[in-house]
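Asks: Structure below; questions to follow.
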Amino acid sequence: MKDFPYTESKDTRSGFGAGLHELGKTNPNVVALCADLIGSLKMDAFVKDFPERFFQVGIAEANMMGLAAGLTIGGKIPFTGTFANFSTGRVYDQIRQSIAYSGKNVKICASHAGLTLGEDGATHQILEDIGLMKMLPHMCVINPCDYNQTKAATLAIADYEGPVYLRFGRPVVPNFTPADQQFEIGKGVLLNEGADVSIFATGHLVWKAILAGKLLADKGINAEIINIHTIKPLDARMILESARKTRCVVTAEEHQMNGGLGDSIAQLLAREEPLPLEMVAVNDSFGESGTPDQLMEKYGLNETAIVAAVEKVMARKTK
């Protein structure tokens with residue numbers, strides 16, 4: 001098992017803020033909109049340095065999506081910012097009708113996704129957003145794993161023509177991917193080559209998958225670990241190549257089991273290469289209040305759960 005040292009832990013939302021500020025310097029067409037959460041979305045630096053390209057819409061998320069769609073008609077590249085729950089569930093009709101239907105070049109940037117929003121509880125947490133967004137035609141869905149990758153993804157989506165949903169979070173997590181990485185939309189990242197089981201993880205669960213890989217190595221199990229940062233378009237080629245080699249699959253994500261990464265990979269395998277699969281995800285439940293660590297433990301989104309899923313799927317493995 002490869003080693004993945006890191007020198008710091010940082011929140012992924014700060015990676016978005018850093019990327020947005022850099023885009024402000026390099027791309028004059030980039031504009032930003034926020035629904036009264038500048039500090040939470042780490043948009044402060046962009047607002048300070050490019051006030052003429054920033055629009056504070058207040059707590060009016062539906063209006064923000066309509067404004068963003070309109071700005072694209074004039075050649076602007078709007079980045080919207082609010083919590084993931086308000087970026088998707090609250091404004092789904094506006095995204096569907098005004099952005100996705102006509103393929104508008106809007107970047108929907110969503111912080112505080114998943115359970116790790118923490119103490120704000122179930123009404124502010126959302127575990128259905130990947131499913132909501134990936135079902136929309138024309139929508140690209142990206143869920144990076146750490147600060148560096150979130151910054152790189154923010155820069156990359158500015159050059160992508162079409163609507164994008166970029167998902168990130170509030171808690172600090174290990175920052176272990178290269179600062180100078182080239183983010184390729186739709187291309188998975190092989191983290192550890194293995195032959196016994198394929199672990200496909202996304203977002204905050206990528207680091208948990210790495211920790212699980214070390215525990216599995218102690219048990220003599222060599223796991224192939226792949227970071228699937230783009231849920232749509234899915235890297236079908238990499239997934240199938242790995243699955244055909246190991247003959248069993250585990251997926252890991254901070255999302256509902258229904259509609260997330262595991263759901264997409266299960267569909268792919270059912271069509272192309274039926275194989276045993278286990279999913280580490282929230283099983284048909286809302287979240288609740290608690291610290292991020294408490295919630296990840298309670299809902300089984302950690303390295304222990306991934307190890308258990310690997311042992312279960314390998315018992316189902318056939319030659």
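Bear in mind these aren't lab numbers, they're just calculated from the coordinates by the rules spelled out. The shown structure was predicted, so the numbers you read here are calculated from the model rather than taken from an experiment. Ideal geometry is used to build each Cβ from the backbone, glycine not excepted, and the neighbour counts take in all protein chains shown.
Asks: Using alpha carbons only, how many degrees (0 to 90, rounded to 10) separate the axis of helix 261-272 from the longest principal axis of the chain?
Replies: With both axes taken from Cα atoms, the answer is about 60 degrees.
Asks: Can you work out the FRET efficiency for the pair Glu161 and Thr318, with r the C-beta to C-beta distance and R0 = 41 Å, to the nearest 0.05?
Replies: 0.40
Asks: Treating each Cα of the chain as an identical point scatterer and ignoring solvent, apply the Debye formula and state log10 I(q)/I(0) at q = 0.07 Å⁻¹.
Replies: Results for the chain at q = 0.07 Å⁻¹ read -0.25.
Asks: If you don't mind, there's one more thing I want to ask. In terms of the Cα gyration tensor, with a ≥ b ≥ c the square roots of its eigenvalues, is region 113-250 rounded because a/c is under 1.5, prolate because a/b exceeds b/c, or oblate?
Replies: Prolate is the answer for region 113-250, as a/c is 1.5 or above and a/b outweighs b/c.
Asks: Follow-up. Can you tell me the 0 to 90 degree angle between the C-alpha axis of helix 61-73 and the longest principal axis of the chain, rounded to 10?
Replies: Once rounded, one gets 80 degrees.
Asks: Ranking Met43, Met65, Met135, Met1 by Cβ neighbours within 10 Å, fewest first, what do you get?
Replies: Going from sparsest to densest Cβ surroundings: Met135, Met1, Met43, Met65.
Asks: Can I ask one more? In terms of modelled amide H atoms, which long-range or inter-chain residues lie less than 5 Å from the amide H of Val30?
Replies: Ile77
Asks: Additional query: Looking at this model, which pairs from Lys2/Lys219; Lys245/Lys298; Lys208/Lys317; Lys151/Lys312 are more than 27 angstrom apart at the alpha-carbon?
Replies: Lys245/Lys298; Lys151/Lys312
Asks: Once you put a point 7 Å from the Cα of Lys2 and another 7 Å from the Cα of Thr123, both along the Cβ direction, what distance in nm separates them?
Replies: Using points 7 Å along Cα→Cβ, the separation is 4.4 nm.
Asks: With labels modelled as points extended 7 Å from the Cα through the Cβ direction, what inter-label distance (nm, one decimal) is found for Asp293 paired with Leu211?
Replies: Each label point lies 7 Å from its Cα, and together they span 0.9 nm.
Asks: So what is the relative contact order for the chain, in percent, with contacts set as C-alpha pairs under 8 Å and at least six apart?
Replies: Rounded, it is 18 percent for the chain.
Asks: Could you list log10 I(q)/I(0) for region 9-174 at q = 0.15, 0.17, 0.18 Å⁻¹, which the Debye formula gives when each Cα is one point scatterer?
Replies: Each listed q maps to, in turn, -0.71, -0.93, -1.06.
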